[in-house]
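The values are calculated or read from the model by the stated rules, or taken from the named source; none is laboratory data. Keep in mind it's a predicted model, so treat the numbers as computed, not measured. Using ideal geometry, Cβ is built from the backbone for each residue, glycine included, and neighbour counts are taken over all protein chains shown.
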Amino acid sequence: MSKTDYYELLGVSREASQGDIKKAYRKAALRYHPDKNPDNVEAEKMFRDVSEAYEVLQDDEKRQLYDRYGHAGLEGQSIGFGNAGDIFDVFGDLFGFGGGRGRQRTSRGASLRFEVAIDFKEMATGATKNIEIQRHEICNDCSGSGCKPGTQPHSCEVCGGSGQVAQSHGFFSLATTCSQCRGAGQIIQDPCQRCHGQGMAPVDRTIEVKIPPGLQDGQQLRIAGEGEPSMNGGPRGDLLCLIRVRPHQFFERHGDDIVCQVPISFTQAALGAEIQIPTLEGSTSMKIPRGTQSGQILRLSQQGIPNVRGYGQGDLLVQITVEIPKKLTRRQEEILRDFAQTEQKNVTPERKSFLERMKQFFEPI
């Protein structure tokens, strides 16, 4: 079943700013909010749809994928909401209050950030890395209760254990976090000594990170659900891996292409030659045509970086640099002087053109 265009759902143009998108979503969310449309299945569906559209368009990376490839570009992305509670969380975040259903909101755990260093070849071929991180887990001493072993928490007298205090504002029934228990619904009088009443304690973990080929230096890889746990029953945060690519002694990356500077002698450049050049897989031979100029680029197809989204592979660009010898033997100098004499009789087209232009420049008008 085809999906409605996200911009059409929110009633904005494709050039709309983030402020315009937020304003349009606010208007649509108020219109279709289930509290305003009780038992209206169509309104609840529209509320889900506009919330999904807002989730994509307010995220710069997802919006770029959608603008370029449409809904197909978001395949594999975490798009949409697993349940109605997730939608109300987004709605509450936008307007600055709770979900409006008299329930305690759950929140996602914090994300962790970690730098992962890879070699240039690993960037091109992909790699699997095991990284050591420290994150919080359920405390073994209190089993996550936060209470000293043998004790129990007490229900909060202010909110009655709900964690929230209800307030009415027109057709909305809003709930604010209880200031006494800070939304927990319970009061811990004898906290656990290991976790200090938090219910969580830091532990060391080894996480396997699979790095796809083609990622650029500075890009971020998201490992879902490997971050910090939620303090109130929500999902875990994510592990955000910042990719750092070590420099290579031969190669530089330009998009999906690899550039390698290869020096040759001026005789090889003039007469042509077959030389060995480095590639990601080892060395290979390349023919240097006669008359190759310094700075000229020769291309080896499909020897570059695989596109991170699977759209082909770049090339290896070999930039030729012609080396001029600094020291000559007597015989070499004699040969070059003989060659220079022939150049005066047979001036190359490029040299001749330059001399003619220089003569015109200095001649008086």
First in region 1-27 and closer than 17 Å to Arg48 by Cβ, second anywhere and of a type in the set (Asp, Glu) and surrounded by 13 or more Cβ atoms within 10 Å (Cβ to Cβ), Cβ under 8 Å, 6 or more apart: Thr4/Asp49; Tyr6/Glu52; Leu9/Asp49
In region 276-311, residue nearest to Ile211 (Cα to Cα) [restricted to those that are without any contact (Cβ under 8 Å) to a residue 24 or more places away in the chain, outside any loop (DSSP other than H, G, I, E, B) and not aliphatic (A, V, I, L, M)]: Gly282
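Quick grid of which residues meet (1) within 52 Å of the chain's Cα centre (by Cα); (2) loosely packed, with under 10 Cβ neighbours inside 10 Å; (3) in the same structural domain as Thr279 (by TED's automatic domain parsing); (4) modelled with pLDDT of 70 or more:
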{"position": "Gly310", "(1), (2), (3), (4)": "yes, no, yes, yes"}
{"position": "Gln313", "(1), (2), (3), (4)": "yes, no, yes, yes"}
{"position": "Leu316", "(1), (2), (3), (4)": "yes, no, yes, yes"}
{"position": "Gln319", "(1), (2), (3), (4)": "yes, no, yes, yes"}
{"position": "Phe339", "(1), (2), (3), (4)": "no, no, no, yes"}
{"position": "Val347", "(1), (2), (3), (4)": "no, no, no, no"}
{"position": "Lys352", "(1), (2), (3), (4)": "no, no, no, no"}
{"position": "Lys359", "(1), (2), (3), (4)": "no, yes, no, yes"}
{"position": "Pro364", "(1), (2), (3), (4)": "no, yes, no, no"}
Test for Ser145: is it of a type in the set (Ser, Thr, Tyr) and out of contact with any Gly (no Cβ under 8 Å at 6 or more places or on another chain): no
If you go through region 193-220 one residue at a time, how many are part of a loop (DSSP other than H, G, I, E, B) and either touching a Pro at 6+ places or on another chain (Cβ under 7 Å) or among the polar types (S, T, N, Q) (or both)? 7
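Regarding region 228-235, can at least one residue be identified that is over 30 Å from Thr125 (Cα atoms), among the acidic types (Asp, Glu) and outside the structural domain of Ile297 (by TED's automatic domain parsing)? Spell out the reasoning first.
Keep residues of region 228-235 that are over 30 Å from Thr125 (Cα atoms), which gives 228-235.
If we keep only those that are among the acidic types (Asp, Glu) too, we end up with 228.
Of the ones still in play, those that are also outside the structural domain of Ile297 (by TED's automatic domain parsing) are 228.
Within region 228-235, one or more residues are over 30 Å from Thr125 (Cα atoms), among the acidic types (Asp, Glu) and outside the structural domain of Ile297 (by TED's automatic domain parsing).
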Among (1) exposed (fewer than 15 other Cβ atoms within 10 Å of the Cβ); (2) within 30 Å of Gln219 (Cα to Cα); (3) of a type in the set (S, T, N, Q), there is one condition Thr279 misses while meeting the rest; what is its number? (1)
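Evaluate the following for Glu132: is it touching a Gly at 6+ places or on another chain (Cβ under 6 Å) and either at pLDDT 85 or above or in a strand (DSSP E or B) (or both)?
Numbers: touching a Gly at 6+ places or on another chain (Cβ under 6 Å): no; either at pLDDT 85 or above or in a strand (DSSP E or B) (or both): yes.
Here the answer is no, as Glu132 does not meet what is asked.
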